[in-house]
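Right, one structure below, let's go through it.
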Amino acid sequence: MSVRNAILGLLSQRNRYGYELLQAFQAMAGGRETWDLKPAQIYTTLLRLKESGLIAEDETCSSELPEKRRYAITAAGREELKRWFETPVRVEPQRDEFFLKLMLALATGQADPRRLIYIQRASLFQELHRLSTLRMELDPSTSLAHILLLDQAVMHLEADLRWLDMIEARLEEVRKQPIPEPEHRPRGRPQKIAK
Amino acid sequence: MNLYIKLALRYLSGRKLRTALTTLAILFGVLVIFGMNTFMPTFVQAFQTQMMAVAGQIDVTITHKTGEAFDPGVLEKVRQVEGVKVATGSLERLINLPADYFDHAPNLPDRVNAVLLKGIDPDLARQMIVFNVVEGRFLQPDDPSAAVITRSLAREVGVGVGDTLSLPTAIGIADLKIVGLLPERALPGNEEVLVTLAEAQRLLNMPGKINLIDINLDTLEEARRAEIQQRILTAVGDAYKIGALESGSEILTNIRNAQMIFNLMGFLALLMGGFIIFNTFRTIVAERRRDIGMLRALGANRATIRGLILTEGLIQGVVGTVAGLVFGYLFGWLLLQLIVPVGQQYLNIKVGLPAVSPSLVLVSSIMGIGVTVLAGLLPAQSAARVTPLEALRPSVGQVSLKRLTGFSFWSGVVLMVLGVAILISGQAAWLGIGAIFFVGALILMAPALINPIAVLFGNLLALLFARQGTAQLAEGNLSRQPGRATVTASTTMIAMAVVIMMASVLSSVTLTFIHVLEKSLGSDFLIMPPTVAVWGSNTGAAPELAQKLREIPGVELVSTLRFAGSQMNGVAVGLLGVDPRAYRQLDALSFSAGDPESAYRALENERAIIINGVLAAAAGIHLGDEITLLTPTGQQVYRVVGIATDYLNAKTTTGYISQQNLAVDFGRNEDVFYQVNLKSGADQAAVEAAITQLLKSYPQFKLFSGKRYVEENKRLLDVVLLSMYAMAAFLAIPSLIAMVNTLAIGVIERTREIGMLRAVGATRRQIRTVILSEALILSAIGTSFGILAGLYMGYMAVKAFEGMGFPMMYLFPASGILAAIAIGILFGALAATVPARQAARLNVVEALRYE
Amino acid sequence: MQPIVSTQDLTKVYGHGATAVHALRGINLAIQPGEFVAVMGPSGCGKSTLLHLIGGLDRPTSGKVMIEGEDLTRLNDDQVTALRRRKMGFVFQFFNLIPVLNALENAALPMILDGMRPNEAYQRAREWLERVGLGPRLTHRPSELSGGEQQRVAIARALASEPSIILADEPTGNLDSRASEEIAMLLRQISSEWGRTILLVTHDPRIAAYADRIVFLKDGQIVDETIMESRNGDEVSAVVGKMKEIGD
Ligand SMILES: Nc1ncnc2c1ncn2[C@@H]1O[C@H](COP(=O)(O)OP(=O)(O)O)[C@@H](O)[C@H]1O
Ligand SMILES: [Mg+2]
């Protein structure tokens, strides 16, 4: 979704070649390490955009190779881009693997939940340390955009770490409570309670 | 710059007002001590200058230790001493002149109060002193009724060579013919009137006597001169001394007493200064716990911290002391200006500039700085005990405070018991220590008592400020901080104690003096010489005058006093010769030991003496003792038959003997003071006229009606008392400053809390009321404790005066207590106004940020 | 290699009887020269207590604190004070500076207390203040400096006397996140570029992440430890081994 809209945005700047689009996207998203986009993904997206009439191919310099083709945005494309700008980005609700691990450890007794926390925390801290080091190497006077992007990651890590602290502090309480089980629901329409 | 000094200066200048107030306390103490001591010696010196002849170019002067005249035979002994070049005997006497004697203008100040009548041997005197006659001629060996005076005296009196100078003398008015003038006097002092020795002996009614031997030595070499002096002293015997006449030395004793009392007051003021410093530094240390902790964490050791606090004290001590010296000098000068008129009126002396001796500066400085440093010692010690952790954790050590409170309470109780025991035992020597115990006890007990008392007064105030509910808050503040509350309250306590003590002493003194005054001078007429304090300088009258007075119809009784100076165990004594029977009839003496009846009888029949309390205390004499008095003819043993005081001599070391003994042992028979009682139904006006007529030829005397004199004296006493009250207030001021100071500090310390109160909705008015209530509670506590302490100290002081020999009656200072309460409330409120306004004006946000 | 700091069974109990608080229960910790160690843990777990004991600001109930091989617990107050002056630099959360002294004077204070000639002390203080970016603020009083600047002065002060270890207790606790980040980066720089040993107490993971090693404290005990991979290979494998131990 965001790759598609990013291509529209980049084309609204000026007409670009396929390879040009790949490089521009990666530069803007924060480098290869941050968002490693495959060329194939770009070209399939371009194809789909062209089919929906949001972009058009520049016929004057058409080529066999997809990276050598040049694209331009259409009026419909501009319309679509405008809509994207004006709708907020939806954040996916937490679907956390660590949470599942922890619940299973609690339910099965196969692993020590505290140890899970420590291992996770060590890893998060390693990542945090890596990002902090990275961040220190950047020059704020030129790479502020990148720094801000790193900050976002740092803050997410920070939030995760705090969350781990919270779990650790309340582990005993969680243990005492029943593990969530599926509700035993009778088939058919739920019975109305007669009053 | 040294780290200590830098930090100290920065901290001090950070709290300018407090620094100023604290320094002011030290300044004040030094001011009193230094001022008093510059003033006193000047006063004494002026006094002595007046009493002494100016010695001229004379090497050694010999006088009798009593100051009395002696036989010229001694002169021969002196002349025989090897090394003596010239020795000449003379007779000199200060003649105090009645007011307006020369100028006859009551509204103009008299420029000549007294002259020194000096009888000399003209030839011998000229060998010693070059008399530089500027007009006329010098005296000749046989030159009756001739006088040589200075040009300045001649100008003052308005006479010249060939004119006549009339002087009051023992034989009535004497007319002297001025034969020559000497240059104007260079040195301040009394003008001299030179006559021949024979003439002086006649005028002073002392035939064949001299009272001064002037000697010139044959060498200028120091060692040899001392040796010759020693030989002279051996030759003349130990009844004589080297040095000029010191007539009036008994009043010197008195002045020294006064100086001691003033020193005591200065010391008291300095102690209070010390207390204020102590109190400020305690607050400073409390305020700066974090800074101190931080310094400790950074590697300052205990000695460094101690040094820092002491440096701050030292700076304040030095500044306060220096300023105290300056203001003390001004204070002394001012006092002298005030005293000049009094001095001229009652003591007949002129006063110069305050005297500053290096040793006085040194002693004052040591005391001022020493007290500051001492007062800083304990807080510095507690600062040194601050652990580095206190920079990081605010709430350490509260438990120990509670324990300390208990400990200090019980030590206070012990001290209190001791103090009361001393009071009950009545041991005068211990009373001073008792007072210190008592005050110490109150200070120690205060922290434990603050709580209940604060609750009590808090409830009282709650009734007053019922609507606002702020009194409880104030009370809570106080009991939460018993240490600081104690310091503030005890400052008030000391101020109030001083006020009450002074009130006790003053009201007791007033009562006593009026009592003695009425008893001593209650006769119908008094005939008084120019000065009643310095008897020795008065020119009396031969016994004929008393006789003539007795012959006036309507007169029932004439009692006279005669005077001679003496010494006993090195203490100067003024001896008053009385006619025991007449004096008994007047009943002028208030006895504190011995039976009047038998005492007067003993005076009549033997060498017996009644001494006054001051003398008894000064020389350590008791009833029944035998004492040895120095007389011009040798030593005489007198038995002490009573201890009693009359009004006029209450403050000077005085003894009363019979006129007969005075004539035999001291060769004095001139009357200097007369008291006249009338027959019942006598015509008062006629008698007064007759006496006035008689006194025409004795202008040195003044006639007073007894009642009028007593009235006049009461008025005088009132003035003196008023100035003493002013002094008391003066002493109380620094303590009040301290109270304002501590209260203000309290507000500063609680800035955050006040901000909180404001934030949760307290109005400015409520904040003001909290602070005011707090101040009122504190001053109420301080005042009530102060009244207790003051009562004790007052009683002690009265006892101490008694111990010093003044007859004293204790009077409960009811008005003083009322005044103290009024002052307490007033200053409590006053002390609160500035901090309260400050607190009310606080910006809430700022206050909450305050660290 | 001899550690700069090591503790042995360090315990600290505040108060006694029913109200006794066991702030530390047997801490064994060693800090190697040049290491940047962060101590983390929930509030009240004993972080500050540990720092105070290591800094000789307080005395342990039992156990030892060794500073470069010298047992702190055996020294008297003056000796501990002198040791603090020479071997330790402190940075605290609040009240770090003496309010009546300016930045330069504050930074020079430990050296002056140690008897160094003022000129030399000021010279060194100035150099360090410049290095932490406070060159233009030398004569400002603490009240005229921002929170971050104040902490920089404190750091310069801690560095100027060239101590063996810098002890920092929540140095960023009072700062906004940007200033916190800057201080943390400064500490990182001090460690990596100037090779100083640092013991940092914090409860902020972002700040702790700059350290080479994180020690987790809970209820007065060390419960976990993480060594950052960037530090060096053997230590990483050591920590992996340790993790395994905990798991077993
Ligand atoms: N002086 C003290 N007296 C009593 N208890 C204290 C004292 N100092 C700290 N504590 C307690 O010791 C524990 C550890 O405190 P501290 O080291 O300050 O924790 P942290 O710095 O990790 O927040 C806390 O429970 C605290 O209440
Ligand atoms: Mg802490």
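Each value in this text was obtained by applying a stated rule to the coordinates, not by laboratory testing. Computed from a predicted structure; not experimentally measured. Virtual Cβ from ideal backbone geometry, glycine too; neighbours counted across all protein chains shown.
List of remarks:
- In plain terms, the residue of B:Arg296, B:Arg758, C:Arg25, B:Arg155 with the fewest other Cβ atoms within 10 Å comes first and the most crowded comes last, giving B:Arg155, C:Arg25, B:Arg758, B:Arg296.
- Cα-based Rg of the stretch C:1-157 normalised by 2.2 N^0.38 Å, two decimals: 1.17
- Report note on the peptides A:22-30, A:78-86, B:284-292: ranked by the mean count of other C-beta atoms within 10 Å, highest first, their order is B:284-292, A:22-30, A:78-86.
- Over the stretch A:2-85: Kirkwood hydrodynamic radius from C-alpha pairwise inverse distances, Å: 12.7 Å
- Whether the stretch B:530-700 is rounded, prolate or oblate, judged on the alpha carbon gyration tensor where a/c under 1.5 counts as rounded: prolate
- Sequence-distant residues sharing a close amide H with B:Lys679 (under 5 Å, placed H): B:Val555, B:Glu556
- Taking θ as phi - 60° and the Karplus parameters 6.51, -1.76 and 1.60, the scalar couplings of the stretch B:199-206 work out to 5, 4, 4, 6, 5, 8, 6, 10 Hz in sequence order, x denoting glycine and proline.
- Estimated from helices alone, the mean residue ellipticity of chain C at 222 nm is -11500 deg cm²/dmol (sum of -39500 (n - 2.57) over DSSP H runs with n ≥ 4, per residue).
- Most mobile listed residue (C:Asp114, C:Asp78, C:Asp219) in chain C, GNM with C-alpha springs under 10 Å: C:Asp78
- Pairs from the list B:Lys77/B:Lys177; A:Lys50/A:Lys82; B:Lys65/B:Lys548; C:Lys47/C:Lys87; B:Lys65/B:Lys696 with a Cα-Cα gap above 26 Å: B:Lys77/B:Lys177; B:Lys65/B:Lys548; B:Lys65/B:Lys696.
- Per-residue [θ]222 nm for chain A (sum of -39500 (n - 2.57) over DSSP H runs n ≥ 4, rounded to 500): -20500 deg cm²/dmol
- For B:Ala593, nonlocal amide neighbours, meaning residues 5 or more places apart or on other chains whose placed amide H falls under 5 Å from its own, are B:Ile643.
- Close amide H contacts of B:Thr631 (hydrogens built in the peptide plane, cut-off under 5 Å, sequence separation of 5 or more or a different chain): B:Gln636.
- Directionally averaged projected area (the stretch A:97-176, Cα convex hull): 5.5 nm².
- In plain terms, the residue of A:Met166, C:Met1, C:Met185 with the fewest other Cβ atoms within 10 Å comes first and the most crowded comes last, giving C:Met1, A:Met166, C:Met185.
- Of the peptides A:36-44, C:61-69, B:497-505, B:210-218, the order by per-residue mean of other Cβ atoms within 10 Å, starting with the highest, comes out as B:497-505, B:210-218, C:61-69, A:36-44.
- All Cα-Cα separations within chain A were binned at 10 Å from zero, giving a P(r) of 7, 22, 21, 19, 18, 10, 3, 0, each value a whole percent of the pairs.
- Overall form of the stretch C:111-175 per C-alpha gyration tensor (a/c, 1.5; a/b vs b/c): oblate
- Overall form of the stretch B:82-215 per C-alpha gyration tensor (a/c, 1.5; a/b vs b/c): prolate
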